[in-house]
Amino acid sequence: LAVEEQFYLAWPFVIRFTPHRRLPVVFGVMVAVAIASRVALHTGQFGSDFAYEATICRMDALVMGAAAAKAARSIMHHDRLWLIGAGLVFAFGAAITHLYPRTGVMTQTVGYSILAFTCVVLLMLAVVSEARGRNGKKDAPWWLAPKPLRSFGKYSYALYVLHVPLYRVVGIPLRNWFGGQPHPSFSVSVLYFVIMTALTFACAVLSYHLYEKHFLRLKDRFT
């Protein structure tokens, strides 16, 4: 959350004081700085936590999102090419990182940026599909709009905020109750995943209906 808030505090000033034609250069430099920062940390053997958590190391994903907003029309007119390209980039990243282990060196140096690029493309395809649907066109890919996926989208922010405290309060004792092994069996892992996902989703639903939606209703006062 701190990474996001620090970025959003600074980003409006970057946009305000950067000539429009130079924004792509700024985007590219900031992505390069984020990757270089992660490489430098691993070269200096500072460990994985800072590379995973620091704003300067993770701002590339947010910058890519800003670049995608600028390039939305291009994506709209070439969405299939973007999807194929993102799929190829994701597959390449999976190969070189060995399936994106969170703290692996290749994941933390280039893998994070590859995952960010892939997710940004999928996000923009969803936005484009929604826009087409509102314009009466029916060519939105079905896999972007199933109801279960939309439900997770609706409650995603609370899922994001609550999953760590729930892991610490419930998840760790649950793991210990299951035996506390560092490498549990497949069946135990699946059971743990189902229980914790269901619990986190239930708490996210309560958070949305008891808390969040009342603030969302205030949006119209700030247009």
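A few notes on this one:
- Along its principal axes, the chain has C-alpha extents of 58, 48, 36 angstrom, given from the largest down.
- Considering only H78, V190, Q6, and ranking their Cα positions along the charge dipole of the chain that arises from unit charges at the beta-carbon of Lys, Arg, Asp and Glu, the one farthest toward the positive end is H78.
- All-pairs alpha carbon distance profile, region 101-221, 10 Å steps from 0, percent: 11, 25, 35, 22, 6, 1
- Fraction of accessible area attributable to carbon and sulfur, the chain (%, probe 1.4 Å): 69
- Comparing mean-square fluctuations of T107, T197, T97 from a GNM of the chain with C-alpha springs under 10 Å, the top value falls on T197.
- Among A145, A67, A198, the largest mean-square fluctuation in a Gaussian network model of the chain, built with springs joining Cα atoms closer than 10 Å, belongs to A198.
- Lys/Arg +1, Asp/Glu -1 at C-beta; the chain dipole; positive extreme among F201, F17, V164: F17
- Exposure of R102 as accessible area (Å², to 10), given a probe of 1.4 Å and all protein chains: 130
- Calculated FRET efficiency for the pair Y8/F193, C-beta based, R₀ 35 Å, to 0.05: 0.65
- Mean residue ellipticity (222 nm) of the chain, computed from DSSP H runs ≥ 4 via -39,500 (n - 2.57), nearest 500: -22500 deg cm²/dmol
- Calculated accessible area for the chain comes out at 68 Å² per residue, all protein chains present (probe 1.4 Å; ligands, DNA, RNA ignored).
- Our note on the geometry: Cα centres of region 89-128 and region 1-60, 16 Å apart.
- In this structure K219 has an accessible area near 130 Å², from a 1.4 Å probe over the protein heavy atoms.
- Dipole size of region 79-223 about its Cα centre, with +1 on Lys/Arg Cβ and -1 on Asp/Glu Cβ: approximately 440 debye, rounded to the nearest 20.
- A straight Cα-to-Cα reach below 18 Å connects K147 with the aspartates and glutamates E130, D139, residues fewer than 8 places away in its own chain not being considered.
- Highest-MSF residue in the chain out of V190, V105, V205 [GNM, Cα springs under 10 Å]: V190
- When the Cα positions of V33, W143, V89 are compared along the charge dipole of the chain, W143 comes out farthest toward the positive end, with charges on each C-beta of Lys, Arg, Asp and Glu.
The values are calculated or read from the model by the stated rules, or taken from the named source; none is laboratory data. The structure displayed is predicted, hence computed values, not measured ones. Ideal geometry is used to build each Cβ from the backbone, glycine not excepted, and the neighbour counts take in all protein chains shown. Ligands, DNA and RNA are stripped out before the accessible areas are found, and what is left, the full protein with its side chains, is counted by its heavy atoms. Shrake-Rupley method; radii C 1.70, N 1.55, O 1.52, S 1.80 Å.
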